[in-house]
Every structure is written in structure tokens, then in C-alpha cells.
Amino acid sequence: MASFRILANFAVKRSPQLASMSSRSMSTQMTHNISSESTRMFSTEGSRVATKVHNIFEEYRMQNYTQCIPSRFRKEIVNAADKDKKGYVTTEEFESILRNIGADGRITREEIDTIVKEAGEEKDGSTTAISVDRMMLLI
């Protein structure tokens, strides 16, 4: 159910018409509108952490970027996190951006590892990182 909420939040952001739909019709509409890569489901723990991450960034946006369009805010955050400009956000970069916004104590390293493991992909044989596109969906 939590996975559905994250997808529903994503879908409403992508398509405001979905905000007024019932859960059942929203689910049907989301199936047609969202690519299969975007509908990847998280585990229960991953879903909880993804919601927590989203809430942390949303609170920060509401406090500091109220005049900024949410998509612009997400783009700026992700660009700041992707320090090496390789198109991926590593665990260390993720921690760094949380530290920069003053939220480093609100999420543990294990939770960050969980979300990076579930939303990310393996790079360089050993490093797991989240693509910039997926990171923008996450926050």
C-alpha cells in the first residue's frame, strides 16, 4: 500500500488530473501513463524510507524554496548532489546533500543504503548509485 502511495504522489505531480480520481481509477490510469521503469516497486522498508526521504526534501522546500517551482527545486537539489556530474548520485553524495540541508540526523546510513540499493543500480562493479532521473522522482 505504501508503494502505491509513492506512485500516486508521483503520478499526481506528473498529471494533476489524477488528483481528483479515486484510488482504483488512479491505479488504472497510472498503469497507462507511467513507464514500466518508473513503476518499479520498493520493498516495505524501501517504501518507508522513500516516503521519509521525500518528506525531508519537501519540508526543506516548503521552508526555503516556497517561491520556487517544485520541479526546479528537485533539479537544483539533484544537480548539487551529483558533484562529479556523471549522472548518478552515490551514497556519499546523498549523505552530503542531506548534511547541507541540515537533515543528516533525520535519516540513518542504513536507510540511505536501503534506498540506494533499491532505487539505484550498480556502477563500476562495486558502487551502487541512483541515476539523476530516478533521484528526481524520489525527492
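Structure notes:
- Hits in the range 59-88 (condition: open to solvent by 30 Å² or more (accessible area, probe 1.4 Å) and aliphatic (A, V, I, L, M)): MET62, ILE69, ALA80
- Note on the range 100-139: residues that are closer than 14 Å to ALA50 by Cβ, in a loop (DSSP other than H, G, I, E, B) and at pLDDT below 90 total 2.
- The set of residues in the range 86-99 that are over 17 Å from LEU138 (Cβ atoms) and either at pLDDT below 90 or of a type outside the set (Lys, Arg) (or both) contains only LYS86.
- Taken as a whole, the structure places ILE56 among residues that are within 23 Å of GLU45 (Cβ to Cβ), part of a helix (DSSP H, G or I) and open to solvent by less than 80 Å² (accessible area, probe 1.4 Å).
- Number of positions in the range 59-73 that are hydrophobic (A, V, I, L, M, F, W, C) and assigned to a helix (DSSP H, G or I): 2
- Restricting the range 23-53 to residues that are of a type in the set (Ser, Thr, Tyr) and in a loop (DSSP other than H, G, I, E, B), the residue that is modelled with the highest pLDDT: SER43
The values are calculated or read from the model by the stated rules, or taken from the named source; none is laboratory data. On a predicted model such as this, the values are computed, not experimentally measured, just so you know. Cβ coordinates were reconstructed from backbone atoms using ideal geometry, including for glycine residues, and neighbour counts include every protein chain displayed. Heads up: the accessible areas ignore ligands, DNA and RNA and are worked out on the full protein's heavy atoms, side chains in. Shrake-Rupley method; radii C 1.70, N 1.55, O 1.52, S 1.80 Å.
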